[in-house]
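All remarks here apply to the structure that follows.
The values are calculated or read from the model by the stated rules, or taken from the named source; none is laboratory data. These numbers come from a predicted model, not from an experiment. Heads up, the Cβs are rebuilt from the backbone with ideal geometry, glycines too, and the neighbour counts pull from every protein chain shown.
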Ligand code: SF4
Ligand code: SF4
């Protein structure tokens, strides 16, 4: 008899616990039913990348002196600098330059150390292709300037979290003049100039 009563007690305890867990799960569900969706309808909507976002690298052919510093500082020796020695000018002459973005880890070392600043990181991030060999960009592809999200007429730019006003988590339908949390670089420069 005692064993039976213990079994009933255990069963009742487990039932109460199960009901508690179901209640906890449903409270999250009901909480989300009160919120507006924050889904970004890519590619019709795109988030504005952060100011220091490290996207696809831009290369300026005319500024490159074929020093190969970018290759030496790259953790995987990735950039391919194809040059020949020009006897007349006694200088290296760049023939081709390429970076394979299928392998690049976007660390930015090459950009940081290039002595002539011919490399820069852009905000372009949608590089997907069906063939990974297409990610091997030559100097022509690297020289193309990307469309800015804010200037692309086909895209609705949305602010990402760092650009949203305090307490706002939803980027849709924000007034254009709403200020973000924190100061912009020009605000800081202005503040410093006033000191
Ligand atoms: S470090 Fe700059 S200048 Fe030197 S080879 Fe690389 S891209 Fe050209
Ligand atoms: S971003 Fe980094 S991994 Fe990519 S090419 Fe430059 S140094 Fe190499």
Test: residue 74 is near ligand 1 (Cβ under 10 Å from one of its atoms), in contact (Cβ under 8 Å) with a residue 12 or more places away in the chain, under 29 Å from the mean Cα position of the chain (by Cα) and within 30 Å of residue 157 (Cβ to Cβ): no
So which of 127, 94 is touching a residue at least 60 places away in the same chain (Cβ under 8 Å) and either within 10 Å of ligand 1 (Cβ to nearest atom) or exposed (fewer than 14 other Cβ atoms within 10 Å of the Cβ) (or both)? 127
When the residues of the stretch 169-195 are narrowed to those that are free of Cβ contacts under 8 Å to residues at least 24 places away in the same chain and surrounded by 14 or more Cβ atoms within 10 Å (Cβ to Cβ), which ends up farthest from residue 54 (Cα to Cα)? 174
Strands (runs of 3 or more DSSP E) (entirely within the stretch 42-123) containing at least 3 residues that are at pLDDT below 95, away from ligand 2 (no atom under 16 Å from the Cβ) and closer than 30 Å to residue 184 by Cβ: 45-47
Search result, residues across the stretch 90-106 that are over 24 Å from the mean Cα position of the chain (by Cα) and at positive phi: 90
Does residue 21 qualify as being without any contact (Cβ under 8 Å) to a residue 12 or more places away in the chain and under 28 Å from the mean Cα position of the chain (by Cα)? no
In the stretch 77-91, the residues that are in contact with a strand residue (DSSP E or B) (Cβ under 9 Å, 6 or more places away or on another chain) and either more than 18 Å from residue 117 (Cα to Cα) or more than 9 Å from ligand 1 (Cβ to nearest atom) (or both): 78, 80, 82, 83, 84, 85, 86, 91
